[in-house]
Amino acid sequence: MPLKDYSEIVERLQRALGRGFAEEPWLLNLPGKSVACKIDQYYYLAVMPGFLDTLGKLGGVFPDQVREALVKTGNLITKAPDRDPILSLTVSWGGRGVTLKGAFVDADFIDRAVKTYGGMPSVLSVSDLKVSEEDKDKVEAFFEGKTAPQGLAYY
């Protein structure tokens, strides 16, 4: 059985995300409204399963295929051995905390999409979305052996 070429799917998803963002800028970086917000220079926090569903619709790919392609290419951060990208986290963007199911997306995946295909002159800035300081240990354990989100990702 030949190996799947995930790079082709990832390219298709980036193109679709960039174009979708160009048409609907609220898709990214507006806490409480967007499917993913940039939390530091390395990562976006994506609302799950909304992020996979939206990306799948934009790219014409089933959400489980979106997840598989992003996990296999390292664009959706996971922890061994189960490779589940989803964490329950408390987040805030100026008000009280809200608990959601989220996943960390490599910033390069989304930044390249908005710059290359979304017509943005530069990458998006870090959003107002922050992860609760109380979840920092959980996040750092999840990122064991990888670069964890920076201090500015927390409130």
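For Cα pairs less than 8 Å apart in space and 6+ apart in sequence, what is the mean separation divided by the residue count of the chain, i.e. the relative contact order in percent? Mind showing how you got there, number by number?
Values: 264 pairs, mean separation 44.9, N = 155.
It comes to 29 percent, rounded to a whole number.
Does segment 1-91 come out rounded, prolate or oblate, given a ≥ b ≥ c as the square roots of the eigenvalues of its C-alpha gyration tensor, rounded meaning a/c under 1.5 and, failing that, prolate meaning a/b above b/c? Each step should come with its number before you reach the end.
Values: a/c = 1.96, a/b = 1.18, b/c = 1.66.
In terms of gyration-tensor shape, oblate.
Write down the accessible area per residue of segment 46-155 in Å², having rolled a 1.4 Å probe over the full set of protein chains. Please list the in-between numbers first.
Details: 5610 Å² over 110 residues.
I get 51 Å² per residue for this part.
Among the GluC sites (Glu not before Pro) within segment 98-155, which fall in a DSSP loop and have no more than 11 other Cβ atoms within 10 Å of their own Cβ? Write down the numbers at each step before the final one.
On the way: sites: Glu133, Glu134, Glu140, Glu144; in loops: Glu144.
Here the GluC sites (Glu not before Pro) that fit, given the DSSP loop and packing criteria, are Glu144.
Normalised radius of gyration for segment 76-155, please: alpha carbon Rg relative to 2.2 N^0.38 Å, two decimal places. Walk me through the numbers before you get to the answer.
Working: Rg = 13.8 Å, N = 80, 2.2 N^0.38 = 11.6 Å.
Normalised Rg, Cα atoms only: 1.19.
Above 14 angstrom, tally the Cα pairs of segment 60-103 and express them as a % of all pairs, no decimals. Each step should come with its number before you reach the end.
Details: 555 of 946 pairs.
I get 59 percent for the Cα pairs in segment 60-103 exceeding 14 Å.
Among residues other than Trp93 whose Cβ falls under 13 Å from its Cβ, what is the net charge (Lys/Arg +1, Asp/Glu -1)? Before the final figure, lay out the partial values.
On the way: positive: Lys33, Lys38, Arg96, Lys130; negative: Asp128.
The answer is +3.
Taking the chain on its own, what percent of its Cα-Cα pair distances exceed 26 Å? All intermediate terms of the calculation are to be shown ahead of the outcome.
Numbers: 2507 of 11935 pairs.
Above the 26 Å cut-off, the chain has 21 percent of its Cα pairs.
The values are calculated or read from the model by the stated rules, or taken from the named source; none is laboratory data. Note that this is a predicted model, so its numbers are computed, not measured. Backbone-built Cβ (ideal geometry, glycine too); neighbour counts: all protein chains shown. Side chains included, ligands, DNA and RNA excluded: accessible areas come from the protein's heavy atoms. Shrake-Rupley method; radii C 1.70, N 1.55, O 1.52, S 1.80 Å.
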